[in-house]
Amino acid sequence: MEEEVFIHETAVIDEPCTIGSGSKIWHFSHIMPDSVLGDNCNLGQNVVVSSKVILGNNVKVQNNVSIYTGVICEDDVFLGPSMVFTNIINPRSAVVRRDKYVSTLIKRGASIGANATVICGNTIGEFALIGAGSVITRDIAPYSLVVGNPAKQIGWVSEYGNRLEFDESGKATCDESGQEYLLENNSVRRLS
């Protein structure tokens, strides 16, 4: 564990684990052994990080989120309040399936809204924005804006999380950042 971290006195930290420099762990949170938190992560109140979870740098986890074994979050991911991950496709109380955890990958810069649910085995693409209360049942493309149950794509967003409006040539500009994007073959990429 790095020296320059803040851990609230009510948090429980099980060794061995890795907590990167500048990270903050708030009230009643629990970090389990063999988990990895990158630099400058911020875990809100009542967050559980299970064994073997990997969080990249600058991951923000809001209150009441449990991140179960099998979840990997790349850098700059945002997990909204009370959002939910699963890690077993067909859970049963009387059937032990600890050797059947299914992985979930949240790619760089993606944001998941409050009370959303991510069914295990899916990948959420770079800079995707998942609306509050959505249920993710399939892979989500980079820069997608998705909402609903099951989640459906309703548009595209910039790296700043603003909705993109593409012209007839397939180009859009983020109003906030000025970054330009291209939509080709139902896929968005940022132009340099």
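Exactly one residue out of 110, 132, 116 is out of contact with any His (no Cβ under 9 Å at 6 or more places or on another chain), surrounded by fewer than 16 Cβ atoms within 10 Å (Cβ to Cβ), closer than 26 Å to residue 46 by Cα and at pLDDT 95 or above: that is 132.
Every residue, every condition in (1) of a type in the set (Val, Ile, Thr); (2) within 22 Å of residue 127 (Cβ to Cβ); (3) part of a loop (DSSP other than H, G, I, E, B), yes or no:
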| site | (1), (2), (3) |
| --- | --- |
| 16 | no, no, yes |
| 34 | no, no, yes |
| 45 | no, no, yes |
| 58 | no, yes, yes |
| 64 | no, no, yes |
| 72 | yes, yes, no |
| 76 | no, yes, yes |
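Against the test of being more than 14 Å from residue 111 (Cα to Cα), within 14 Å of the chain's Cα centre (by Cα) and crowded, with 21+ Cβ neighbours inside 10 Å, the options 59, 65, 71 yield a single qualifying residue, 71. If we keep just the residues of segment 61-71 that are in contact with a Gly (Cβ under 8 Å, 6 or more places away or on another chain) and not polar (S, T, N, Q), which is farthest from residue 22 (Cα to Cα)? Here the residue is 65. In segment 4-33, the residues that are acidic (Asp, Glu) form Cβ pairs under 8 Å with partners that are at pLDDT 95 or above, at six or more places apart or across chains, as follows: 4/21; 4/22; 14/30; 14/31; 14/32; 14/33; 15/33. Name the strands (runs of 3 or more DSSP E) wholly within segment 80-192 that hold at least 3 residues that are in contact with a Leu (Cβ under 6 Å, 6 or more places away or on another chain)? The qualifying strands (runs of 3 or more DSSP E) are 152-156, 180-184.
The values are calculated or read from the model by the stated rules, or taken from the named source; none is laboratory data. Everything numeric here is computed off the predicted structure, so don't read it as measured data. Ideal geometry is used to build each Cβ from the backbone, glycine not excepted, and the neighbour counts take in all protein chains shown.
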